[in-house]
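Read-outs: derived from the displayed coordinates by stated rules, not from any lab. Fair warning: this is a prediction, and the values are worked out from it, not measured in the lab. Every residue, glycine among them, receives a Cβ derived from its backbone with ideal geometry; neighbour counts consider all protein chains shown.
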Protein chains: 2
Amino acid sequence: MEVCDLSKGNFFCPRSVAVIGASRGKGKVGNVILENIINSGYSGKIYPVNPNADEIFGIKCYPSILDTPTDVELVIITIPAQFVCQALEESSKKNVRWAIVISAGFKETGIEGAKRETQLVEVAKKYGIRILGPNCLGIIDTYCPFNASFSKTMPSKGKIGFLSQSGALGTAILDRATANNIGFSKFVSLGNKADISENDLFSDWGEKDDTSVITAYLEGVKCGREFIKISSRVSKKKPIIVMKSGNTDAGARAVSSHTGSLAGSARAYEATFKQTGIIRANTIKDFFNYAMAFSYQPLPKGKKVAIITNAGGPGIMATDACEKNNIPLATIGTETIEELKKFLPEAANFYNPIDILGDALSDRYKKTMEIVINDSNVDAMLVMLTPQAMTQPLETATAISEIIENNERKIPILTCFLGGTVVEEAIKFLSLRNIPNFDIPEEAVDTLKVMMDYVDWKDKEDTPIESFNVEKDKVREIFNKCRAEERLELGESEARGILEAYGIRIPRAELAVDIDDAKRIAEDLGYPLVLKIVSPDILHKTDVGGVRIGIKNKKELEENFNDILFNVKKYMPDANISGILIQEFITDKKETIIGVSEDPQFGPMIMFGLGGIYVEILKDVSFRIAPISRQTANEMIREIKTFKLLEGTRGEYPSDIDSIIETILRVSQLVTDFPEIVEMDINPLFVKKQGEGSIAGDARIRIGG
Amino acid sequence: MEVCDLSKGNFFCPRSVAVIGASRGKGKVGNVILENIINSGYSGKIYPVNPNADEIFGIKCYPSILDTPTDVELVIITIPAQFVCQALEESSKKNVRWAIVISAGFKETGIEGAKRETQLVEVAKKYGIRILGPNCLGIIDTYCPFNASFSKTMPSKGKIGFLSQSGALGTAILDRATANNIGFSKFVSLGNKADISENDLFSDWGEKDDTSVITAYLEGVKCGREFIKISSRVSKKKPIIVMKSGNTDAGARAVSSHTGSLAGSARAYEATFKQTGIIRANTIKDFFNYAMAFSYQPLPKGKKVAIITNAGGPGIMATDACEKNNIPLATIGTETIEELKKFLPEAANFYNPIDILGDALSDRYKKTMEIVINDSNVDAMLVMLTPQAMTQPLETATAISEIIENNERKIPILTCFLGGTVVEEAIKFLSLRNIPNFDIPEEAVDTLKVMMDYVDWKDKEDTPIESFNVEKDKVREIFNKCRAEERLELGESEARGILEAYGIRIPRAELAVDIDDAKRIAEDLGYPLVLKIVSPDILHKTDVGGVRIGIKNKKELEENFNDILFNVKKYMPDANISGILIQEFITDKKETIIGVSEDPQFGPMIMFGLGGIYVEILKDVSFRIAPISRQTANEMIREIKTFKLLEGTRGEYPSDIDSIIETILRVSQLVTDFPEIVEMDINPLFVKKQGEGSIAGDARIRIGG
């Protein structure tokens, strides 16, 4: 997947633009867009193209793009779908670099439309033109300024870049943002994403100074692997906030593994967002809260919050929310308290939440903030106001803005002014000064938590993807053999072979052809042991009495060896017997599971969990997309709720977590090397005591056709 | 705790009211309240009381309440705290029934104030006067009308009764409600709750026709047992929505049992709300959403929702939210689809969510709703609108209100108009017509879920509290003995005795004094068995080799019996040996735990969970307040995440759930009969196969001093 570099030239502020399909008809798309371009104050050249008009809005019209007097950088196409390709062909003659195809009637309408879209992409590729859309609402750049969109709402200038896969939701968000004085740098309606996608825009906006926060509404991503690469990189520079809908996994799927039954697109997106540092907004509300906070306020340098309030109730609510989010309330320093005591009434609460009482006027707020902001124990401040008899909402908002202007320690300050009409003006004042105000205390605290998590992500140094010395050829050979035999489900011994080739420990075992052989092998391996009949004719070993476990000594070995032979002879007298597998019996172990499931969007997705009921009933598992780093493997193990069982509790020994990490990394390398693996379970992976390693008890592997 | 019957007379609309402390000073409490009473349109008699004024706001003033020309039903006291008691004494001479004490300076200020408050309550009791407050903002009744509060905002008429333990939050909510055209029937600021509390008001409002939804902001409840009784009864009539803050359990507590370490005030409130059907609002946002929906719309009769939208994105969001909340999307009937096909564009989505496309005008919305509302598969409707080029927000709102007027099937209709300025007028229109509009799709769906859950609660027939035939005297005897010996922690055999007295099965066992005795007992009990040394001198039986488990036959019995005696003689030659306990060994069992912890507010709280790591690591437990019904016991067992383990999975047998229920009920009866039990653990409670019962493996009981 080629990713266009939108930064070559300026897609968002071209020197010249042609509107193919510009129209005089009031309310028509080609009319509205032209009007929006003009009204936005765009200063480049504008060429309306319409064979039936001389001029529109007083601007000279051209019968065809071929007739424009100069080359054109960007064309906006609004004509019916069947004419779009030709218009693009013609555009190429004018050295057009970018086309925004507003016209609908492509992939979204069915097979015919999809064909037309493919054709469109081909034409574009032929001439090196990059396309936004089709079936989109256009773009807005508030700094250029340039409103080449269908949206009459031109947001105010701000630092938020916003792209939307739903045009309707995009305009609804612009509308709400405008009502709340929230500014944007850019807006892009993605439409069908035939060419330009979120990947291009994330990449471009990562470099743009006018954009400090990247936001997106997505229903899916275009190229998952690329998406992971780009967003991991960009999110280290600036926050990417994504609202992703469509989390319901479509219908029942035919799955044959544990991992498969637990995986699915929702899990894949969850894993991707975790791995790339993308901040997920679950609702439009979250979207606004996060975008506002990140674009308005500095990032917190620590996690300790001071709450200042003029009423107990809301203070308790904020405290509850902090507790729930594991955000510690700052311990207010004794010096700070001394200072506060100089002017706060005796009945005030000097500890956190700092309650400056219901009769607090704006100057009491200001003095308190001035002192608290300089307390080195405080990393962030939440200022709450509840309108009471003497409260001065607007004056208090002014005081807060003054404090923020002199905020030398650069700590984030969030506000929560509760109420309706009485605080309306104050809230507007705050928003115009880039002070994020929240409807309810819980949303303010949740947003602070998201900011703190982002700082953790930004500061975290990820470890590189490791590469183990493995026997790749051996694996390729096994897969080739399977494919040659038209088997996609690998046999047990093949799966064992693959694990061994990638350095994943399996129980030591050797085939014994007679009892003497068995005794020798037993000496080698050491007791306890497992005995298993090996015969190409016997599929269900247990059913014929062909398996014995926990063999403790030579005497038991002899007895059981003979028993197995006797049983098999009895139940399946004609079976061809290769011998009896003598295998080490793993003791002092915990059962875990490592699985892989191929996600159609993001590729191989690795699962980890504790085995048995923890996976089956509690579904207590974690997912990441391969390839993964040691750091990520470590995180995914610690993410499960039952991690404490591995750490060792109730006086139990701690498990060998390092060896689980190592196994995950080797599996990650395996499925990255061999994308044909569509499903894989190591179940159980026996994890022994710290320092004693992990051993794959059983494995299933399925490859694609 | 005596609960006043506010319905005798009308506290909210008295025939006469005196304001003791009425003031001419603009902005003073006694001035504002008097002004509010007058401005609210109150038509009863008003007597301002102030020795230094002839008249205030043109109303004759009296130097003392004793001087008023008639008796007075309600006094509002705003004078300094130290004079309040005397004013109340005087009020009694005028046959005052209720007093609202606005004045602060009581319990909230410390020990002195608390004393004053106790005194106040004594005076009130002496004269049979009921008190609201002190330290409160007063009351509002929109129907009387009567604004005897400090709040300048008089909300519009509505069906929501609202009481608040925080005055500041109360006014903030009234202010926000007014800004959003949400009406109330009554508002009460509770203040210190010296007398009148949420219990009185829930009880009163349960009977009041003007109130269809009861809402409250609480930081605690006054009398937990009473609270449970009243709210369980009232919530069957009308929804009670409670926002409860202060969910952080204060500090670390000294606890000696599993149950104690998992219990705590937050859990107690959670259990109480579940048991009483109280709807918990976690945030102010929830509070408004739920109050609005319940007071505006009929309750759903089923769970199937139809979503109508003019844009895909928000439709997907609503669908995701339904999936998350386990709300099924209605399967639109074929007849309905046929009808819709007659006028909807071909590209529309006729299945749920029904997408009537971006160019839908109000008439398309109306026609669609008209048809869908009559589909018998549909139990509730969510109508979503995203402002696009041709969208008619206000006209669509009008269409919705027309549909609601003719809503013969009485299904709830919720709306979600997304956007800002463009939809502002439409949203106002909706709110004025009692159509609940939600900011975001998720909040609309969450609210629907809450409505559905409430219907389930309302329809659920609870079973009565059962009473088993038990040996109460035997238990009393044991407790008396313990107390006499100043022991609060019961010994093992005492705990066993108590369980037996309440019909809770314990392992059968008998003391053997010699091997012959042991053999006879073993015959009786049947193998396998457990052997335990019994000696007053041996506390840690295992340490001296005094315990053997899984004894399978007579030979093993003899060997182990002698082994134990040998060991004990060796390690503790001087120990006084009573004999060896021969006890049945429980096989085929699952370990569960039933615990009791005394909550200071609500009384004995019963816990259930699976034993071992499920309790310790996953904290997968459920709580209810005793006494509990069979129905509730059943619910609490099914509530734990690991319930499937008891049902039987992976081919395992199902456990005897009925016997767990029975044990919970007997424990419930025990702790209800003996409130002195402050902590109790049956851990493990061995649960055998279905039909085979449950057996208490071990028990710990602690009683209060």
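When all alpha carbon pairs of region B:94-216 are counted in 10 Å bins from zero, the resulting P(r) reads 14, 43, 31, 11, 1 %. Counting only other chain Cβ atoms within 10 Å of each residue's Cβ, the peptide A:503-515 averages 0. Measuring spread by the Cα atoms of region B:590-703 yields a radius of gyration and Dmax of 13.3, 44 Å.
Taking other C-beta atoms within 10 angstrom as a stand-in for reagent exposure, A:LEU66, A:LEU120, A:LEU329 fall in the order A:LEU66, A:LEU329, A:LEU120, fewest first. Per residue of peptide A:614-627, the mean number of Cβ atoms on other chains within 10 Å of the residue Cβ is 2. The rotation axis bringing chain B onto chain A passes closest to the chain B residue reported with its distance as B:LEU618, 4, by C-beta distance in whole Å. Mean silhouette area of region A:113-177, derived from the convex hull of its C-alpha atoms and averaged over all directions, reads 5.4 nm².
Relative to its Kirkwood radius, the Cα radius of gyration of region A:452-499 gives an Rg/Rh of 1.36.
Rounded to the nearest 5, the antiparallel percentage of DSSP beta bridges internal to chain A is 50%. Normalised by 2.2 N^0.38 Å, where N is the number of residues, the alpha-carbon radius of gyration of region B:260-390 equals 1.33. If you count Lys pairs in region A:472-584 whose Cα atoms are under 25 Å apart, skipping same-chain pairs closer than 8 places in sequence, the total is 25. Footprinting exposure proxy ranking of A:LEU132, B:LEU430, A:LEU511, fewest other C-beta atoms within 10 angstrom first, gives A:LEU511, B:LEU430, A:LEU132.
Distances between equivalent label points of B:ALA53 across the copies, with each point positioned 7 Å along Cα→Cβ, amount to 6.9 nm, shortest listed first.
Using Cβ point charges alone (K and R +1, D and E -1), the dipole size of region B:539-615 about the Cα centre works out to roughly 300 debye.
For region B:40-100, the direction-averaged projected area of the alpha-carbon convex hull comes to 4.4 nm². With the convex hull constructed from alpha-carbon coordinates only, region A:472-584 shows a mean projected area of 7.7 nm² over all directions.
Computed across chain B, the Kirkwood radius stands at 29.8 Å (inverse of mean 1/r, all Cα pairs). The fewest-to-most ranking of A:CYS61, A:CYS223 by surrounding Cβ atoms within 10 Å reads A:CYS223, A:CYS61. Size descriptors for region B:298-459 (Cα atoms only): Rg and Dmax, in that order, 14.3, 46 Å. For the residues of B:384-391, the average number of beta carbons from a partner chain within 10 Å of their own beta carbon is 5.
The three principal axes of the Cα atoms in the protein assembly as shown give end-to-end lengths of 102, 100, 69 Å, sorted in falling order. When you restrict to C-alpha pairs under 8 Å that are six or more residues apart and normalise by the size of chain A, the relative contact order lands at 9 percent.
Shown for region B:9-139 is the translational diffusion coefficient from the Stokes-Einstein equation, using the Kirkwood radius over Cα pairs, a temperature of 20 °C and a viscosity of 1.002 mPa s: 148 µm²/s. When you filter the trypsin sites (Lys or Arg not before Pro) in region A:25-91 for DSSP loop state and at most 15 other Cβ atoms inside 10 Å of their Cβ, you are left with A:LYS26, A:LYS28.
The same position B:ARG638 in the other copies lies at 4.0 nm from this copy, comparing label points 7 Å beyond Cα toward the beta-carbon, shortest first. Take A:LYS570, move 7 Å from Cα toward the beta carbon, and the resulting point lies 4.1 nm from the same point in each other copy, nearest first. For region A:422-493, chymotrypsin sites (Phe, Trp or Tyr not before Pro) are listed when DSSP marks them as loop and at most 14 other Cβ atoms sit within 10 Å of their Cβ; the list is A:PHE468. The count of lysine pairs in region B:9-139 whose Cα atoms are under 20 Å apart, excluding pairs fewer than 8 places apart on the same chain, comes to 14. When you filter the chymotrypsin sites (Phe, Trp or Tyr not before Pro) in region B:174-213 for DSSP loop state and at most 16 other Cβ atoms inside 10 Å of their Cβ, nothing is left.
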